[in-house]
Amino acid sequence: MAYPYKHPSETLVLAKYFGDPEARTLAGWEARGGYRALRKALGSQRKEIIDEVKASGLRGRGGAGFPTGVKWSFMPMASGKQHYLLCNADESEPGTFKDRELMRWTPHALIEGCLIGAYAIQASHAYIYIRGEFFEPAQILARAIEEATAGGYLGKDLFGSGFDFEIILHRGSGAYICGEETSLMNSFEGLRATPRLKPPFPAQAGVYGLPTTINNVETLCAVPHILNNGAEWYRQWGTEKSPGTKIFCVSGHVQKPGNYEVPLGFNFREFIYDICGGPLPGRTIKAVIPGGSSVPILRGDELDIGMDYEAMAAAGTMLGCGSVIVMDDTTDIVKQVRRMVDFYAHESCGQCTPCREGTAWGAKILRRIEGGWGTEADLETLLEISDNMAGKTICVLSDACAAPITSSIEKFREDYLALIRRGESLARARTA
């Protein structure tokens with residue numbers, strides 16, 4: 001059976017070679033057109049590369065969706081300082097498992113993307129910060145780096161271009177906060193993984209205080225395809241403001257969970273019911289989180305929307321990392337939200353008071369409601385706590401915690417009230 005499903009409605013660009021072990025090797029990647037884009041880039045002006053990526057409309061696939069070419073253009077080219085490219089391969093968002101598969105099946109695609117990105121921003125070093133638990137992808141990527149070095153794709157004066165380049169694989173320790181770019185930089189430098197205040201932004205003062213650009217794995221893997229085929233080719237898919245294809249990770253109560261690559265703007269309902277097989281027989285979809293646990297929840301009747309950044313925002317949620325978590329009518333929403341909030345409370349670095357105190361307080365109240373000891377006043381307290389967390393900290397971890405709380409109370413208040421009333425009924429029975 002093909003890996004693990006390849007639906008006819010998919011548009012395979014980045015995931016084309018998933019399940020193909022030959023694509024992992026240098027010889028296999030070259031046979032599939034690998035490193036042609038690098039040779040093209042080395043024969044181009046840096047500004048030409050940045051302009052092509054800008055024209056493609058490629059947006060960062062790590063969650064924020066910031067235009068990649070614009071981010072590259074922030075690098076101060078005349079600074080005279082060492083520049084760095086930092087690849088975020090931490091993939092810590094619950095529900096996300098696309099980047100590890102890109103590294104597992106097509107490691108040379110990431111290496112080539114790093115090479116092109118680094119050349120464009122005048123960086124001679126790239127650091128791939130990979131999540132420590134990704135043992136197999138790290139091994140595969142390390143072997144690919146060795147192959148690329150032996151094959152002349154890494155090292156001094158690549159193909160007579162005068163471009164020297166080195167990639168260093170750095171294994172992290174598995175903290176959620178390390179997915180935030182400035183925390184990642186601190187962790188990489190051996191410091192405590194706490195977010196940095198911005199400004200200065202990484203392009204001005206990043207790793208070791210030097211200009212740094214940070215890109216996600218999926219983002220960098222898309223770059224060689226754009227260089228090979230052109231911006232207009234890439235724009236044949238997606239929408240005007242959200243061009244291209246994206247890999248979506250699907251988990252939860254669907255018949256065919258996994259990674260699927262479709263054009264941005266694809267209908268969300270069709271995606272879940274057709275490509276992913278819909279819920280199990282006899283079940284209905286109650287809720288869906290479209291972009292990882294840190295984005296607002298949608299009801300099962302709110303799925304007729306496009307899978308792109310603008311459509312998701314208009315529906316009151318976010319595309320995020322494209323991590324689709326499906327919950328059917330057997331789901332205890334309060335329990336699932338409590339689990340998410342427990343996670344964020346555990347992963348808070350503790351630097352900002354609203355996050356440190358708010359996540360723990362929210363988790364405590366949710367456990368009380370889940371246990372049958374809550375009151376209706378607790379719901380207003382949860383909303384007030386969430387309001388005090390959102391947009392009031394250095395990074396967005398507290399916002400990530402607030403999103404499932406506020407959206408679940410807004411859309412599934414009756415689930416909370418049912419637990420509260422049942423608890424009140426049991427309390428009256430005990431005192432009768």
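Here, each number is a calculation from the coordinates, and none is a lab measurement. Please read all numbers here as calculations on a predicted model, not as lab measurements. Methodologically, a virtual Cβ is constructed for each residue, glycine included, from the backbone with ideal geometry; neighbour enumeration extends over all protein chains shown.
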In the chain, helical segments from DSSP H whose Cα atoms cover 18 Å or more along their own axis and that average at least 0.0 on the Kyte-Doolittle scale are 107-120, 135-150, 217-229, 397-411
Asserting the computed 222 nm helical MRE of the chain (DSSP H runs at least 4 long, -39500 (n - 2.57) per run, divided by residue count, to nearest 500) equals -12500 deg cm²/dmol
Would you mind counting up the charge near G244? Only other residues with Cβ under 9 Å from its Cβ, with Lys and Arg at +1 and Asp and Glu at -1. +3
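Restricting to region 245-327, what percent of DSSP beta bridges are antiparallel, rounded to 5?
Taking every DSSP beta bridge within region 245-327, about 75 percent pair in antiparallel fashion.
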Which value in nm describes the separation of the simple spin-label points at L210 and R367, placed 7 Å from the Cα toward the beta carbon? 4.6
Taking K and R as +1 and D and E as -1, what net charge do the other residues with C-beta under 11 Å from the C-beta of M327 add up to? +1
With the 8 Å Cα cutoff and a minimum separation of six or more residues, the chain has a relative contact order in percent of 16
Furthest towards positive pole of dipole, F248, H225, L86, structure part the chain, Cβ charges: L86
Lys and Arg at +1, Asp and Glu at -1: neighbours of P354 with Cβ under 11 Å from its Cβ sum to -1
Taking 0.36 nm per residue of separation and subtracting the Cα-Cα distance, what length does fully extending N267 through K81 add? 62.4 nm
Determine the relative contact order of region 238-306: mean sequence separation of Cα pairs under 8 Å and six or more apart, normalised by residue count, in whole percent. 28
Please compute the modelled spin-label separation between F201 and E133, points set 7 Å along Cα→Cβ, answer in nm with one decimal. 3.2
Can you pull out the trypsin sites (Lys or Arg not before Pro) in region 127-194 that DSSP calls coil and that have at most 16 other Cβ atoms within 10 Å? K156, R192
For labels at T375 and Q255 in the simple 7 Å Cα→Cβ model, what's the distance in nm? 4.8
Region 227-316: GluC sites (Glu not before Pro) in DSSP coil with no more than 10 other Cβ atoms inside 10 Å: E240
Could you tell me the relative contact order of region 105-220? Use alpha-carbon pairs under 8 Å, at least six residues apart, and round to a whole percent. 22
Under 17 Å Cα-Cα from K16, which lysines qualify once same-chain neighbours fewer than 8 residues away are excluded? K6, K98, K246
Near K411, which lysines are there with a Cα under 25 Å away, not counting those fewer than 8 places off in the same chain? K286, K335, K364, K392
Can you tell me which aspartates and glutamates have their Cα less than 15 Å from the Cα of K256? Leave out same-chain residues fewer than eight positions away. E10, E270, D274, D328
Compute the length gained on full extension between K156 and D332: take 0.36 nm times their separation in residues and subtract their Cα-Cα distance, giving the result in nm to one decimal. 57.6 nm
